[in-house]
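Novice: Here you go, one structure.
The values are calculated or read from the model by the stated rules, or taken from the named source; none is laboratory data. Not measured: the values here are computed from a predicted model. Note that each Cβ is placed from the backbone with ideal geometry, even for glycine, and that neighbours are counted across all protein chains shown.
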Amino acid sequence: MNAVPARERQHIGWQAQAEWSQIEAAAPRVAAMMRRYLRQLGTFLAPRSVDAAENALRQLARWMITEAQLAAVSDIGRDDIEDYKVWLAARPRPGGKTITAETHRQRMRTVRQFFERIIEWDWPDAPARNPVIAGDIPKKPEPLPKFLDDRDAAKLMTAARASTDPRDRLVIELLARTGMRPANWLTWTLTRWCGSAPGTGCISRWASSTTTGTCRCTPSSWNSSPPGPPPTWSTSVCTSGWSLTTADRWTGT
């Protein structure tokens, strides 16, 4: 099922056909080679992949005619591709912004594959070598790790316990030892943390925002020399250490 409404798809199809007609009139050799290439792609790629390649090649053909005045694919050289990269990166998209890095990467990869294949297939009008090099394709951002191995987790806990900011220790210890999701933490109101030795801190929560509540720490977890709170935090000191007042209601944001 296609997410694009039928009327919009029809409009896109008319626009693409009109652009191909203009390309055929201005550079028939370019249009003939690219259409032949797209027919070949249809024999081993899914229709949506062929559509994506058609869009990228039509855009390249438009640039060849309007910006570079090139009449054949074989005329494209290394200098031309360097100019095309800059032109492509500045293409607008809805919202007044330029195309995303992912779109830029996909378009450049499609163009590079186009040259690779027509050179390998030994087609007439193919350039002697591929003018698009691997470095022209923006690298895909490395995804953040979904979990830490034992070694990295130990490093994280060591760094948290060595931090001079009690908030850092609290957040890391809480997430690591309770399994709480970061999204849950961001919506959770912290009302009290009793200062204690690293790794043994305790948290008290209460519903009222007008009272300070009663600390529920046991004497064994009290810290005789509690760390000083950051100066931007308003605190009230209790016998077991120090805590955030309920008036602050820090939410982690």
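Novice: What do you reckon, is Arg78 surrounded by 13 or more Cβ atoms within 10 Å (Cβ to Cβ) and touching a residue at least 60 places away in the same chain (Cβ under 8 Å)?
Specialist: For Arg78, the condition - surrounded by 13 or more Cβ atoms within 10 Å (Cβ to Cβ) and touching a residue at least 60 places away in the same chain (Cβ under 8 Å) - is not met.
Novice: Out of all the residues in the range 33-48, which are part of a helix (DSSP H, G or I) and under 14 Å from Gln113 (Cβ atoms)?
Specialist: Residues satisfying the conditions are Met34, Tyr37, Leu38, Gln40, Leu41.
Novice: Also: Quick test of your reading of the structure: Ala101 fulfils all but one of (1) under 30 Å from Val30 (Cα atoms); (2) outside the structural domain of Glu19 (by TED's automatic domain parsing). Name the failing condition by number.
Specialist: Condition (2) is where Ala101 drops out.
Novice: With respect to Glu67, determine if the residue is without any contact (Cβ under 8 Å) to a residue 60 or more places away in the chain, closer than 16 Å to Ile137 by Cα and either in a helix (DSSP H, G or I) or within 30 Å of the chain's Cα centre (by Cα) (or both).
Specialist: no
Novice: I've got another one for you. Have a look at Ala159, Ala126, Ala90 and point out the one that is modelled with pLDDT of 95 or more, out of contact with any Asp or Glu (no Cβ under 7 Å at 6 or more places or on another chain) and small (Gly, Ala, Ser).
Specialist: Ala126
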